[in-house]
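As structure tokens, the structure follows; a few thoughts come after it.
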Amino acid sequence: MLHDENKVLFHGQHENVTYGKIVSAMKEIGADQCDVLFVHSEISFGMLEKGIRRNEIKELLLDAIKELNVKTLIFPTFTFSFCNQQVYDREKSPTAMGMLPEYVRKRPDAVRSDDPILSVAVLGEQEGFDKMVGSSSCGKGGIFHILHQTDKKVKFMFFGTSPLMCFTYLHYVEECFKVPYRYSRKFKGTIIEDGIKKEKEIDLYVRYKGVTATLPPNFMQELVQRDIVEVTNVGDSQISVADEKLSYEYISKMLKENPYICAIMPEGETLTEEYIYGDVTTM
């Protein structure tokens, strides 16, 4: 291992969380059994061990993930820049997706994608994951479409978080099936790459005015029971892994049976294409 497996990183309510515990937990649920691992994260395993600095814990956690020896690691560095009428600087625009993605995007060995809404930072083999090949951020040509089309084995890991909190991939499937509570909206703005400014247009499948995103109450339970997601407890939180192809099949089936299952519709209103710019951090 890159570090002492007995090194304590966090103190949970019922157990200490060591470096080795985190590595073994990820392997236990098959996070190492893929070619591409898309990592959603929240550092929520317990109280940080005394003496470990914030920058140090980020490095330790990334090293733990690297112990999986997955060829390609992808971290969401979403900015929603054009949704907030902001310039997207590929090198400098910070992400609000958490400490770990922000740490990764600043690393010299990371390559960040050119998507001004849903950018990602890629470590390891690139395989074209750093380039949009279409005009839809969450649809055809975006990162989730590229992941779905690749012949590589793809998994999503929820590291200290849960599919209930941040399964952005679901919105890709919503766009594939053109759910009736969302519409394609065009955003325009400026991108800066290598100091050079350029104008860009990009589409995002956004909710109509008054529509609230939701999930079925048994969503996580169904994912686990159908062996789509494997989950294990770690300290005060958990780590889970979802298979991309199986996730697509299940979410597709769910939306076919009930196209409104992931939405709370406004009562007595005609759906309106109204969008409020500013402080946008989610779809």
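None of the figures in this text is laboratory data; all of them are computed from the coordinates on show. Note that the structure is a prediction, hence the values are computed from the model and not measured. For neighbour counting, all protein chains shown are included, and Cβ atoms are generated from backbone atoms with ideal geometry for every residue, glycine included.
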Flag for Gly268 being on the phi > 0 side of the Ramachandran plot, surrounded by fewer than 14 Cβ atoms within 10 Å (Cβ to Cβ) and either touching an Asp or Glu at 6+ places or on another chain (Cβ under 6 Å) or in contact (Cβ under 8 Å) with a residue 12 or more places away in the chain (or both): no
Selection count, segment 33-45, where residues are buried (at least 21 other Cβ atoms within 10 Å of the Cβ) and not in a strand (DSSP E or B): 2
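Go through segment 90-204 and tell me which strands (runs of 3 or more DSSP E), entirely inside it, have 3 or more residues that are over 30 Å from Ser24 (Cβ atoms) and of a type in the set (D, E, K, R).
182-193
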Pairs with Cβ under 7 Å, 6+ apart, first in segment 90-117 and touching a residue at least 24 places away in the same chain (Cβ under 8 Å) and farther than 19 Å from Phe144 by Cα, second basic (Lys, Arg) and in a helix (DSSP H, G or I): Met99/Lys58; Leu100/Lys58; Tyr103/Lys58
Subset tally (residues that are more than 19 Å from Cys138 (Cα to Cα) and out of contact with any helix residue (DSSP H, G or I) (no Cβ under 9 Å at 6 or more places or on another chain)) for segment 36-86: 12
Among residues of segment 122-147, those that are out of contact with any Leu (no Cβ under 9 Å at 6 or more places or on another chain) and not basic (Lys, Arg), counted: 13
Hits in segment 204-223 (condition: surrounded by 15 or more Cβ atoms within 10 Å (Cβ to Cβ) and over 30 Å from Cys83 (Cα atoms)): Leu223
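Would you point out which residue out of Pro108, Pro76 is of a type outside the set (S, T, N, Q) and farther than 26 Å from Ala242 by Cβ? Walk me through how you get there before you give the answer.
Details: Pro76 fails: farther than 26 Å from Ala242 by Cβ.
Selected residue: Pro108, the only one of Pro108, Pro76 that is of a type outside the set (S, T, N, Q) and farther than 26 Å from Ala242 by Cβ.
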Test for Gly30: is it in contact with a Lys or Arg (Cβ under 9 Å, 6 or more places away or on another chain), at positive phi and either surrounded by 15 or more Cβ atoms within 10 Å (Cβ to Cβ) or not in a helix (DSSP H, G or I) (or both): yes
